[in-house]
1. When you look at Val68, is it without any contact (Cβ under 8 Å) to a residue 60 or more places away in the chain, outside any loop (DSSP other than H, G, I, E, B), touching a Gly at 6+ places or on another chain (Cβ under 8 Å) and surrounded by 15 or more Cβ atoms within 10 Å (Cβ to Cβ), yes or no?
2. Which of the following residues is β-branched (Val, Ile, Thr) and closer than 26 Å to Met1 by Cβ: Val109, Val34?
3. When the residues of the range 92-116 are narrowed to those that are modelled with pLDDT of 95 or more and of a type in the set (A, V, I, L, M), which ends up surrounded by the fewest Cβ atoms within 10 Å (Cβ to Cβ)?
4. So is Leu119 touching a strand residue (DSSP E or B) at 6+ places or on another chain (Cβ under 8 Å), surrounded by 14 or more Cβ atoms within 10 Å (Cβ to Cβ), closer than 28 Å to Thr2 by Cβ and among the aliphatic types (A, V, I, L, M) or not?
5. In the range 71-83, what count of residues is obtained for those that are in a strand (DSSP E or B) and either surrounded by fewer than 11 Cβ atoms within 10 Å (Cβ to Cβ) or not aliphatic (A, V, I, L, M) (or both)?
6. Any idea which of Met44, Met1, Met35 is aliphatic (A, V, I, L, M), touching a Pro at 6+ places or on another chain (Cβ under 9 Å) and open to solvent by 20 Å² or more (accessible area, probe 1.4 Å)?
7. Show the residue pairs meeting these rules: Cβ distance below 9 Å; 6+ apart or different chains; first residue within the range 113-127 and in contact (Cβ under 8 Å) with a residue 60 or more places away in the chain; second residue among the hydroxyl-bearing types (Ser, Thr, Tyr) and open to solvent by 40 Å² or more (accessible area, probe 1.4 Å).
8. Among (1) in contact with a helix residue (DSSP H, G or I) (Cβ under 9 Å, 6 or more places away or on another chain); (2) at pLDDT 95 or above, there is one condition Leu66 misses while meeting the rest; what is its number?
Amino acid sequence: MTVLSPVQVLERRRQVLAAQDIDAFIELFADDAVMELPFAGPGMPARLEGQAAIREFSKRSQTLPLRVDDLVTTTLYETSDPELVVIEIVTKGTLTTTGQTFEAPCIQVFRIRDGQIHLMRDYFSPVGLTDLLSH
């Protein structure tokens, strides 16, 4: 079995999120993975520990009227630590209740080892998400 490189894992993540395949998305995470949302808004967790918690959060997120259409990497930073990758991305999506499209930029930090995400730190703006959902 071929182990994906960190960059290949991120491309796979883009593909499965655009395909709305939440189960394949979750499988990219190690059993003991951590997802951190440092700028999490009210009612959102700042930290999720373990694949099961990430699965539950991701499944709950699917109930929001948002569809991710694509993740466009604008810059990818590979570091001297081969497991650590930082990306600047723009999430392109659609508000499913109105058909309005949106773009949401953010920075994400990943620790990817042996083809699995062990840490995902997502620096997104909850203010932008709240604004989008209130329209």
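The values are calculated or read from the model by the stated rules, or taken from the named source; none is laboratory data. Here the structure is a predicted model, which is why all the values come from computation and not from measurement. Backbone-built Cβ (ideal geometry, glycine too); neighbour counts: all protein chains shown. Note: accessible area is taken over every heavy atom of the protein model, side chains too, but ligands, DNA and RNA are not part of it. Shrake-Rupley method; radii C 1.70, N 1.55, O 1.52, S 1.80 Å.
1. yes
2. Val34
3. In this case the residue turns out to be Ile107.
4. Yes; evaluated as a whole, the condition is true for this residue.
5. Filtering the range 71-83 down to residues in a strand (DSSP E or B) leaves 71-78.
Filter once more, so that each one left must be either surrounded by fewer than 11 Cβ atoms within 10 Å (Cβ to Cβ) or not aliphatic (A, V, I, L, M) (or both): 73-75, 77-78.
Summing the residues that are in a strand (DSSP E or B) and either surrounded by fewer than 11 Cβ atoms within 10 Å (Cβ to Cβ) or not aliphatic (A, V, I, L, M) (or both) in the range 71-83 gives 5.
6. Going through Met44, Met1, Met35 in turn, just one is aliphatic (A, V, I, L, M), touching a Pro at 6+ places or on another chain (Cβ under 9 Å) and open to solvent by 20 Å² or more (accessible area, probe 1.4 Å): Met44.
7. Qualifying pairs under 9 Å: Gly115/Thr2; Gly115/Ser5.
8. Of everything listed in (1) in contact with a helix residue (DSSP H, G or I) (Cβ under 9 Å, 6 or more places away or on another chain); (2) at pLDDT 95 or above, Leu66 misses just condition (2).
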